[in-house]
């Protein structure tokens, strides 16, 4: 009989939960930024689950990077609009 494999969604949630001790040690300003990244990664759980990786850590990092890139792009566009208006 095959082994039971924990669904990727649960694995991602478990890995994020493991970071709680780390977060407690962060300065309050850093906790705010961590919380935003945490929320960003959680928005990608379905995509990570669909990819079904053996280790979702790398995809969690890519998810956070995608959100950071989107925010940078928005800021650049805001600056361009401000400069050209």
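The values are calculated or read from the model by the stated rules, or taken from the named source; none is laboratory data. These figures come from a predicted structure and were not determined experimentally. Virtual Cβ from ideal backbone geometry, glycine too; neighbours counted across all protein chains shown.
Points to keep in mind about this one:
- Within segment 20-31, the set of residues being surrounded by 11 or more Cβ atoms within 10 Å (Cβ to Cβ) and part of a helix (DSSP H, G or I) comprises 23, 30, 31.
- Annotation: of all residues in segment 32-60 being surrounded by 14 or more Cβ atoms within 10 Å (Cβ to Cβ) and outside any helix (DSSP H, G or I), the one that is modelled with the lowest pLDDT is 53.
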